[in-house]
Amino acid sequence: MVSPLLAYELYAFIKPALYPHEDRFVRTLGPIAVGLFILGALIAFKVILPLGYAISFITSVVLIGDKLVAFADVNNILQTSILVIVGVGLLYETPVLLYGAVRAGIVSPNILSGDKGRMVLLGLLALGAVISPDGTGLGMLVLTLPLFIALKLAVWFGARSRKAAASEAPGLQP
C-alpha cells in the first residue's frame, strides 16, 4: 500500500507551516491514522470482500448444459474491491477525527455514553450491514465492532488529552 508514503509526503509538504506543538500533534497522530487506515483496508480485504465474493459467486453461477458457468466482470470486481478497501480504510480514520474534535472541545466526551453510544453503535451496525455484502452478519460485526472500540478509545484519549492540556495552560477550559 502507498498510504504511508502519501502520508509522509503530505507531512513533508505541510511541516514548514506548523508550529512546534502542531508538529508534535501531527507526528503523534500520523502513524496512528496510517495504522487505522491499514487496519480498515485489511478488514475489508481479508473479511468483507471474501464473504461478499463468495455469496456473489454462488448467486451468479448458472447451469448451462452439463457445465456450471459463472458470470463475472473483471472490471466490476476490481472497481468494487478498490472502492470497498479504500472506503473501509477511510471509515477507520474517523477515530482520529473524533479524537481531535474531543480534544479541541468541539465534541463532548459524553458523545458515546448512554443512549448516544447505543445510537452510534446501531448506526455503525446499519452502515456495516450496507457495506458488507454477505448475508451472514459476520462481515457487519467484523467491520463495526473494532471501529466502535476505536471510537470509544479516541473519545477517552481525547478527553484525557484535553484535561492534560487544560492543566498545563490555565486559559483552556475542559
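Does GLY30 satisfy being touching a helix residue (DSSP H, G or I) at 6+ places or on another chain (Cβ under 8 Å), assigned to a helix (DSSP H, G or I), at pLDDT below 85 and not β-branched (Val, Ile, Thr)? Yes; evaluated as a whole, the condition is true for this residue. Screening region 2-22 for residues that are surrounded by 14 or more Cβ atoms within 10 Å (Cβ to Cβ) and at pLDDT below 90 and picking the one that is farthest from the chain's Cα centre (by Cα) gives TYR11. Restricting attention to region 82-96, the residues that are outside any helix (DSSP H, G or I) and either among the aliphatic types (A, V, I, L, M) or under 14 Å from PHE45 (Cβ atoms) (or both) add up to 1.
Among the residues here, SER113 qualifies as over 17 Å from the mean Cα position of the chain (by Cα) and among the polar types (S, T, N, Q).
Among residues of region 89-113 that are under 16 Å from ARG160 (Cβ atoms) and of a type in the set (D, E, K, R), those with a beta-carbon under 8 Å from a residue that is outside any loop (DSSP other than H, G, I, E, B) and open to solvent by 30 Å² or more (accessible area, probe 1.4 Å) at least six positions away or on a different chain give the pairs ARG103/ARG162. Residues that are of a type in the set (A, V, I, L, M) and surrounded by 22 or more Cβ atoms within 10 Å (Cβ to Cβ) were ranked within region 138-150; the one that is farthest from LEU125 (Cα to Cα) is LEU147.
Yes or no, residue by residue, for (1) surrounded by 15 or more Cβ atoms within 10 Å (Cβ to Cβ); (2) part of a helix (DSSP H, G or I):
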site	(1), (2)
THR80	yes, yes
LEU98	yes, yes
VAL107	yes, no
VAL120	yes, yes
LEU127	yes, yes
PHE157	yes, yes
LYS163	no, yes
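Anything in region 23-49 that is of a type outside the set (Val, Ile, Thr), open to solvent by less than 80 Å² (accessible area, probe 1.4 Å) and either over 20 Å from LEU5 (Cα atoms) or touching a Leu at 6+ places or on another chain (Cβ under 8 Å) (or both)? List them, or say none. PHE37, GLY40, ALA44, LEU49 - these are the residues of region 23-49 that are of a type outside the set (Val, Ile, Thr), open to solvent by less than 80 Å² (accessible area, probe 1.4 Å) and either over 20 Å from LEU5 (Cα atoms) or touching a Leu at 6+ places or on another chain (Cβ under 8 Å) (or both).
Right, VAL62: at pLDDT 80 or above and either in a strand (DSSP E or B) or in contact with a Ser or Thr (Cβ under 9 Å, 6 or more places away or on another chain) (or both) or not? No: the conditions fail for VAL62.
The values are calculated or read from the model by the stated rules, or taken from the named source; none is laboratory data. Every value quoted in this text rests on a predicted model; they were computed, and no experiment measured them. FYI the Cβ positions are ideal-geometry reconstructions off the backbone, even for glycines, and counts take in every protein chain you see. The area values use the complete protein model at the heavy-atom level, side chains included, leaving out ligands, DNA and RNA. Shrake-Rupley method; radii C 1.70, N 1.55, O 1.52, S 1.80 Å.
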